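Down below is the structure, laid out as structure tokens.
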Amino acid sequence: MCHPGWSRALIAAQRLKDFARLRRVRDTIDREYARPLDLVELARAAGMPAGSLSREFRVAYGVDPYGYLMRRRVAHAAALLRHSEHSAAEVCFAVGCTSPALFDALFTELVGMTPAAFRRAERGPVRNREAPEGVPNLALSA
């Protein structure tokens, strides 16, 4: 018969192992956001079925891997729009998006304004470079 403390320890060890796999997936997305990534590839690298990865990632980070990837791309796009002279289309491709129209829609959905409006707001007369009112914080949680 198994000692009750052992089963708790085994469960805790498995949870740590699972979280480490999810963290590796998140780290991969953070590093390689600009290249094509798909759920099956990420799941295979983590040694998990794609459905389990998606479910467990959402539980751990509050968003599925695809949503996290899109947020990472938009966060990097915002930085490029803020600090470079690249066009919105150039930024779109630099962060791994393949369609400027879809990029504009995604950026607008997540930020609340188009890339062009974001750039204008960021470049407006702002003292001490504080964020203009209404421009959301693009920092990713977790």
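All of (1) in the same structural domain as Phe107 (by TED's automatic domain parsing); (2) out of contact with any His (no Cβ under 9 Å at 6 or more places or on another chain) hold for Arg31 with one exception: (1).
Tell me whether the stretch 118-130 contains one or more residues that are hydrophobic (A, V, I, L, M, F, W, C) and modelled with pLDDT of 90 or more. Yes - at least one qualifying residue is present in the stretch 118-130.
Which residues, taken from the stretch 39-69, are within 23 Å of Glu109 (Cα to Cα) and either buried (at least 21 other Cβ atoms within 10 Å of the Cβ) or among the acidic types (Asp, Glu) (or both)? The answer is Phe57, Asp64, Pro65, Tyr68, Leu69. May I ask you to verify whether Arg73 is under 16 Å from the mean Cα position of the chain (by Cα), at pLDDT 95 or above and in the same structural domain as Asp18 (by TED's automatic domain parsing)? So Arg73 does not fit the description; no. Based on what the data block shows, is Val25 surrounded by 11 or more Cβ atoms within 10 Å (Cβ to Cβ), within 26 Å of Ser99 (Cα to Cα) and touching a residue at least 60 places away in the same chain (Cβ under 8 Å)? No: the conditions fail for Val25. All told, Leu10 falls short of being surrounded by 10 or more Cβ atoms within 10 Å (Cβ to Cβ), outside the structural domain of Thr98 (by TED's automatic domain parsing), of a type in the set (A, V, I, L, M, F, W, C) and modelled with pLDDT of 90 or more.
The values are calculated or read from the model by the stated rules, or taken from the named source; none is laboratory data. All of these numbers come straight from a predicted model, not from anything done at the bench. Virtual Cβ from ideal backbone geometry, glycine too; neighbours counted across all protein chains shown.
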